[in-house]
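Read-outs throughout are calculated quantities, based only on the coordinates presented, and are distinct from any laboratory measurement. Since the model is a prediction, treat every value here as computed from it, not as a measurement. Cβ coordinates were reconstructed from backbone atoms using ideal geometry, including for glycine residues, and neighbour counts include every protein chain displayed.
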Amino acid sequence: MLSEGISDGIFRGEMLQFAPFLPTQGNRIMFTGIVQGLGKLTAIHRPSEAFQTYVVELPQEAADNLQRGASVANNGCCLTITEIEGNRVSFDLMAETLAKTNLGLLKEGDCVNIERAARFGDEIGGHVMSGHIMATVPIVEIERDGYNRTVWFSLPHELKPYILTKGFVGLDGCSLTIGKVEDSRFNVHLIPETLERTLFGSRKVGDRINIEIDPNTQAIVDTVERLMAQRYAK
């Protein structure tokens, strides 16, 4: 596959350079993949099968100076605050979000990884993320090595061109570096800080995880494959 052939070049800087999105570019919402804490789902209102409202109690670090209309990533999925009552905020979820992300699997009492949208001047400790989930992937294996863990995920065929060794990937809102890629699965290595601060500390085999591919990797792969297809079509 073409993407496999260009992966080494991409990460040596030999391919086209794509500038990362900034918070000010076109007022685009941006996240950094650094989870601020866990939010607890305290209530779910279901007026219909295709529409639900979640009430989430936010960690204090993510609750300061909130306003209605602000964007908050829940397990990496960008949601808009509709109501605020202290540390408890409400989010409306449409059918597409419920079907495509693991938020549709949650029940009252469950927790979610929380990150506020980045502001101009914030440090980008992870990588640029949009909060647009591509799919969910199941955990297929967990390896424990002392305090660290290596977690393996199933790799959907349609996402395989964008999952590259040492590339970035967003998993439940966490910016992570891909460790190893095999034909139908890939892994990431998790340090104790990540395990303690995020849901990965309690995840188990079979759990479905939200995945967002790195937009810069997608731009490079799609552009190169399109240009190569045009070139060989002549």
Spherically averaged projected area of segment 29-116 from its Cα convex hull (nm²): 5.2
Spin-label zone in segment 65-98 - amide nitrogen under 19 Å from a point set 7 Å from the Cα of Glu108 along the C-beta vector: 83-93
For q = 0.21 Å⁻¹, Debye-computed log10 I/I(0) when each Cα of segment 147-190 counts as one equal scatterer: -0.62
Extended-chain gain in nm, criterion 0.36 nm per residue less alpha-carbon gap, Leu159 and His189: 8.8 nm
nm² value of the averaged projected area, convex hull over the Cα atoms of segment 149-234: 6.0
